[in-house]
Amino acid sequence: AWNEGNLPAFLGGYQNSGDVRLVADGAVAAGFNNVRKHYETLVAATGAMGRLSYSNLDVTMTAADVATVVGRYAHESGTTRSAGAMTVVLRQIDG
């Protein structure tokens, strides 16, 4: 969804909850609305969503419905580029 320029669909992977956390750029966005604002600010700053890719992914099931993913990300939009390490904790909800 990110690479298609569809931010609402990308955010559809996040639970609309105050429990959601995003750690990025040395700050913590707590709650879905703040996570959404973080991404909206990123898109506004770069002028477009650009391309997002992941590599070297290592997935560990930490519970029957929880996976921890560690890997690398790369994002580029116009002349703006960023890359680094990332950790994502995923929880399956309602199937």
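The values are calculated or read from the model by the stated rules, or taken from the named source; none is laboratory data. Here the structure is a predicted model, which is why all the values come from computation and not from measurement. Using ideal geometry, Cβ is built from the backbone for each residue, glycine included, and neighbour counts are taken over all protein chains shown. All accessible areas refer to the heavy atoms of the entire protein, side chains included, with ligands and DNA or RNA removed. Shrake-Rupley method; radii C 1.70, N 1.55, O 1.52, S 1.80 Å.
Could you work out which residue, out of 85, 24, 63, moves most in a Gaussian network model of the chain, that is, has the largest mean-square fluctuation with Cα springs under 10 Å?
Answer for the Gaussian network model of the chain: 63.
Solvent-accessible area per residue for the chain at a 1.4 Å probe radius, Å²?
Each residue of the chain exposes 67 Å² on average to a 1.4 Å probe.
Rounded if a/c is under 1.5, else prolate if a/b is larger than b/c, else oblate: which is the range 2-76, with a ≥ b ≥ c the root eigenvalues of its Cα gyration tensor?
Oblate, because a/c is 1.5 or more while a/b does not exceed b/c.
To test your reading of the geometry: what angle, between 0 and 90 degrees and rounded to tens, separates the Cα axis of helix 32-46 from the longest principal axis of the chain?
30
Grab the DSSP H runs of the chain that are 4 residues or longer, score each as -39,500 (n - 2.57), total them, divide by all residues and round the 222 nm result to the nearest 500 deg cm²/dmol.
-6000 deg cm²/dmol
Using a 7 Å offset from the Cα along the Cα-to-Cβ direction at both residue 9 and residue 37, what is the distance between the two label points in nm, to one decimal?
About 2.7 nm, to one decimal.
For the chain, which whole percent of the accessible surface, found with a 1.4 angstrom probe, sits on carbon and sulfur atoms?
That share works out to 51 percent.
Ranked from the most accessible area to the least, with a 1.4 Å probe and all protein chains present, what is the order of 38, 75?
Ranked from most to least accessible, the order is 38, 75.
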